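The values are calculated or read from the model by the stated rules, or taken from the named source; none is laboratory data. As the structure is a computational prediction, the values presented were derived from the model and not from experiment. As a convention, Cβ positions derive from the backbone with ideal geometry for all residues, glycine included, and neighbour counts pool all protein chains shown. Just so you know, the surface numbers come from the protein's heavy atoms only, side chains and all, with ligands and any DNA or RNA stripped out. Shrake-Rupley method; radii C 1.70, N 1.55, O 1.52, S 1.80 Å.
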Amino acid sequence: MESPIRTARRTLPLLTGATCLVLALTGCAGEDGPAQARPTPSASTSPKQAPALSAAQARDVITRYSKINNEANADRDRRQLDTVEDGPLYTMSVADYTETEGLPAKDREPYKRWSYDLASAKLYIPRLAAGQERWFAAALSSEKSKAPSRLAVFAERPRHKRWEMVSVVDLDSQKLPDVALDREGYATAVPANENKHLAADADLLRTAVLDNFATGGTNTGTKVFAPTKASKRQIKVHSEAATRFGDKGTSVFDAADNRFTDAYALKTADGGALILFSHTHTQTDAVAHSGLQINPGKDDRAWLHDVPRTSITYTFICNDAATVPAKSQPSRLIGYTCARTNASGPPLPSWTARA
């Protein structure tokens, strides 16, 4: 059984790759968020850190995102999408556009408009030091009266003077992390890396996730993470890949160059943190010997153009969410969302000569 990966709008198979491996020359058979901060008396001479924005402003950001995202998706307008998305999420969404454009028009699913339900949204707006990049997280649902099942991060882009969604993670449970809130309802941002008060930082979490895919968690994955639905699913993907082609080929996962190193962390009620980060990995499918070929599937058409290959390397960008304890205990991967963003590989020699 293949494990699902989800973008913000659609579901894709995580264990992707060739439709089949065959002999050459044959074919394939609302809760309200925090109120606006109010000044309170303090004996401290240090100024109180200001929230990134008010709850009302955060809701406006979410509303604007839903509106413009729908408009952009309807026409696969990359320039318009770029006004409300950035970072890994924008790259994942553009890849989704590319994949759709690789399909014949008759195979493209009609676009369905959607919106986030503000009534059920839970806002995690951190207080930030002066000069610190402004951002906030939100637990969201795209179905009215349904509990949030997705964690999104919005960051301000000062150059463009606008807020953009940079990542979103589908959670395996509707039980949300217990983010610590102050008396005014605001969260506390903590360092996501090199934080000596946490059992793991974003870099170690990223290494552990990559190890789940690459080795089944043998090196660091099962040491850093306690077993959860998300971590078990990654390990299952690894184990299924090892045998999916039998003696006709191999399917191997590996770490890849990651352009999206930003990570976001909020203090939790137990003194730990909720950390949101991204990673990039590859999956390489290859034939075991000459005389075999990999026939790309229809979802690969945008990149591989129906040309048989001897090997194919798929690139995935993923957003991840984990809760990390303050003590030396395992962390918990609570969700991850991936999208295939590229595919490449050498054509069969006969196709190369023909070209």
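Points worth noting:
- Checked against the criteria, residue 242 does not count as touching a Lys or Arg at 6+ places or on another chain (Cβ under 9 Å), more than 19 Å from residue 317 (Cα to Cα), open to solvent by 10 Å² or more (accessible area, probe 1.4 Å) and not aromatic (Phe, Trp, Tyr).
- Taken over region 267-282, the residue count meeting the criterion of being surrounded by fewer than 24 Cβ atoms within 10 Å (Cβ to Cβ) and not acidic (Asp, Glu) is 7.
- Cross-chain or 6+ apart pairs with Cβ under 6 Å, region 47-63 first and surrounded by 14 or more Cβ atoms within 10 Å (Cβ to Cβ), then hydroxyl-bearing (Ser, Thr, Tyr): 51/186; 62/116
- Residue in region 93-115 that is of a type in the set (D, E, K, R), in contact with a strand residue (DSSP E or B) (Cβ under 8 Å, 6 or more places away or on another chain) and at pLDDT 95 or above present: yes
- Number of the condition not met by residue 206 [criteria: (1) open to solvent by 20 Å² or more (accessible area, probe 1.4 Å); (2) within 22 Å of residue 309 (Cβ to Cβ); (3) assigned to a helix (DSSP H, G or I)]: (2)
- Out of 116, 111, one residue alone is open to solvent by less than 50 Å² (accessible area, probe 1.4 Å) and either in contact with a Leu (Cβ under 9 Å, 6 or more places away or on another chain) or on the phi < 0 side of the Ramachandran plot (or both). It is 116.
- Spans of strands (runs of 3 or more DSSP E) in region 239-332 with at least 1 residues under 25 Å from the mean Cα position of the chain (by Cα) and over 30 Å from residue 108 (Cα atoms): 249-255, 264-267, 273-287, 311-324
- Enumerated strands (runs of 3 or more DSSP E) restricted to region 127-192, each holding at least 1 residues that are surrounded by 17 or more Cβ atoms within 10 Å (Cβ to Cβ) and charged (D, E, K, R): 150-157, 162-170
- Residue within region 71-78 that is open to solvent by 50 Å² or more (accessible area, probe 1.4 Å), within 22 Å of residue 343 (Cβ to Cβ) and modelled with pLDDT of 95 or more present: yes
- Any hit, region 93-106, residues being more than 23 Å from the chain's Cα centre (by Cα), open to solvent by 40 Å² or more (accessible area, probe 1.4 Å) and among the acidic types (Asp, Glu): no
- Residue within region 158-176 that is under 18 Å from residue 51 (Cβ atoms) and touching a strand residue (DSSP E or B) at 6+ places or on another chain (Cβ under 7 Å) present: yes
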